[in-house]
Structure formats: structure tokens, C-alpha cells
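Enquirer: Provided herewith is a single structure, encoded as C-alpha cells, for subsequent inquiry.
The values are calculated or read from the model by the stated rules, or taken from the named source; none is laboratory data. Because the structure is a prediction, the values reported are computed rather than measured. Every residue, glycine as well, gets a Cβ built from its backbone with ideal geometry; the counts of neighbours run over all protein chains shown.
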């Protein structure tokens with residue numbers, strides 16, 4: 001209020017006013033849909049790959065040894081380096097899918113592998129003694145013990161994939177994305193747009209996380225009833 005310069009810092013009321021101007025436009029909803037679809041796709045692909053690779057690593061020690069260097073590299077290399085490398089090799093259109101996938105994969109893999117290895121050995125021994133089929137062992141022995149690890153991993157990965165996916169869009173600037181809107185706001189020193197889109201990112205990320213965790217909880221209850 002003392003400086004009274006919107007370029008430096010804009011008031012919350014001005015941000016809300018700008019947001020109400022953006023909401024009725026098609027470009028606003030198109031940008032949200034564009035980013036939501038790609039970041040969700042990266043999250044789901046990373047989750048599926050993490051589940052499969054964790055199961056294989058728990059079963060075969062050689063798979064874990066082969067994956068260790070690649071996963072260490074993914075966790076150690078900065079996201080910006082991955083984004084720039086991906087821009088050299090691929091187009092920017094689906095860059096958010098790749099980056100979200102790379103961020104989610106090690107989180108799901110590490111947590112699920114820990115969950116599988118923390119399974120009660122007495123229950124596993126009972127399943128072997130009574131020759132319970134593999135699918136039933138997974139359903140009744142592994143799933144109840146691994147689900148808390150899976151839920152925790154998803155909670156951590158959801159926020160990370162949104163941050164990294166939007167960062168990829170800001171650098172790659174694919175047409176019609178939220179990242180492009182942020183970059184344009186920066187170029188033209190449009191601080192109200194910058195804060196308005198940042199607020200949108202936070203809200204969409206929170207809604208996405210809550211919806212996914214609710215669906216996951218419903219799935220767990222359905223399994224319990226079965």
C-alpha cells in the first residue's frame with residue numbers, strides 16, 4: 001500500500017478481481033484442462049510404473065540392482081536439467097507428462113518397495129504353508145499391509161508432480177498451458193496475472209489431491225468389503 005506499484009507487488013483484492021475476469025474466458029479453462037490432463041497422465045504413469053517395478057524388485061534382487069543407478073540419477077539431478085534435456089530431445093507439448101512421470105516414479109517405487117519388504121513374515125510363511133495361490137496372497141496378505149505406504153507415497157507425489165509439471169511448462173512454454181500463461185505474465189510484467197495463475201495452480205493442485213485421496217479411500221473400503 002505504501003509503494004503503490006502493481007508491478008512490484010499487487011494487493012490480494014486486485015488478484016481476486018483479475019481472477020474473476022479470467023474465469024469466464026475459454027482460454028482460462030482451456031489452460032487448466034491442458035495442464036491437468038498432462039500432469040494427471042504423468043502421475044498415473046509414474047504410479048503404475050512404480051507399482052510394477054517395486055513388485056519386480058521385491059521378487060528379483062537383480063532388478064533392484066539394475067534400477068538403483070537410474071533411480072539415484074532421477075532423484076539427484078535437478079528438475080530444470082531434466083526439462084532442458086527433454087526439450088532438446090522431444091517437443092514441449094507433452095513435456096509435463098514426462099517430467100511428472102520422472103518425479104513420481106522414485107517416490108512410489110521407494111515407498112512401495114519398503115512396504116512390501118515390511119510385510120509380516122509370519123503371514124507370508126502361513127500363505128506358503130497352506131499353498132495359498134499367488135493372487136490371493138497378494139490380495140489378502142500384501143495389499144492390506146502395503147496400502148498405507150501407497151497412500152503416503154501418493155500424498156507426497158501429488159504435490160511434487162504439480163510443481164514439477166508446471167515448472168516444465170514454464171520453461172517449455174507449450175501453447176495453451178498454465179505454464180505459458182505464467183511466462184507471458186512474467187514477460188509483460190503483469191503481476192496480477194502472475195499471482196492469479198499461481199492461486200489457480202494451488203487450488204487445482206489441492207482439489208486434485210483431495211479427489212484422488214478420496215477415490216483411493218473408497219477403493220480401500222471396497223477391498224475391505226470384498
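Enquirer: Within the range 148-168, which residues are at pLDDT 90 or above and farther than 20 Å from residue 49 by Cβ?
Expert: 166, 167
Enquirer: Go through the range 91-149 and give me each residue that's assigned to a loop (DSSP other than H, G, I, E, B) and within 24 Å of the chain's Cα centre (by Cα).
Expert: 91, 92, 93, 94
Enquirer: Follow-up. For the condition part of a helix (DSSP H, G or I) and either surrounded by fewer than 20 Cβ atoms within 10 Å (Cβ to Cβ) or without any contact (Cβ under 8 Å) to a residue 60 or more places away in the chain (or both), what is the one hit in 185, 157?
Expert: The match here is 185.
Enquirer: So, one more: Does the range 173-182 contain any residue that is in a helix (DSSP H, G or I) and either without any contact (Cβ under 8 Å) to a residue 12 or more places away in the chain or out of contact with any helix residue (DSSP H, G or I) (no Cβ under 7 Å at 6 or more places or on another chain) (or both)?
Expert: Among the residues of the range 173-182, not one is in a helix (DSSP H, G or I) and either without any contact (Cβ under 8 Å) to a residue 12 or more places away in the chain or out of contact with any helix residue (DSSP H, G or I) (no Cβ under 7 Å at 6 or more places or on another chain) (or both), which makes the answer no.
Enquirer: Can you work out which of the residues in the range 118-132 that are surrounded by 11 or more Cβ atoms within 10 Å (Cβ to Cβ) and at pLDDT 75 or above is nearest to residue 154 (Cα to Cα)?
Expert: Here the residue is 118.
Enquirer: Taking the stated definitions as given, is residue 85 in a helix (DSSP H, G or I), out of contact with any helix residue (DSSP H, G or I) (no Cβ under 6 Å at 6 or more places or on another chain) and modelled with pLDDT under 80?
Expert: For residue 85, the condition - in a helix (DSSP H, G or I), out of contact with any helix residue (DSSP H, G or I) (no Cβ under 6 Å at 6 or more places or on another chain) and modelled with pLDDT under 80 - is not met.
Enquirer: Let me ask another. Condition first: surrounded by 10 or more Cβ atoms within 10 Å (Cβ to Cβ) and either farther than 12 Å from residue 189 by Cα or at pLDDT 90 or above (or both). Now tell me which residues in the range 1-18 satisfy that.
Expert: Residues satisfying the conditions are 11, 14, 15, 16, 17, 18.
Enquirer: Checking the structure you have, find out if any residue of the range 175-182 is modelled with pLDDT of 85 or more and surrounded by fewer than 17 Cβ atoms within 10 Å (Cβ to Cβ).
Expert: Yes; the residues of the range 175-182 include at least one that is modelled with pLDDT of 85 or more and surrounded by fewer than 17 Cβ atoms within 10 Å (Cβ to Cβ).
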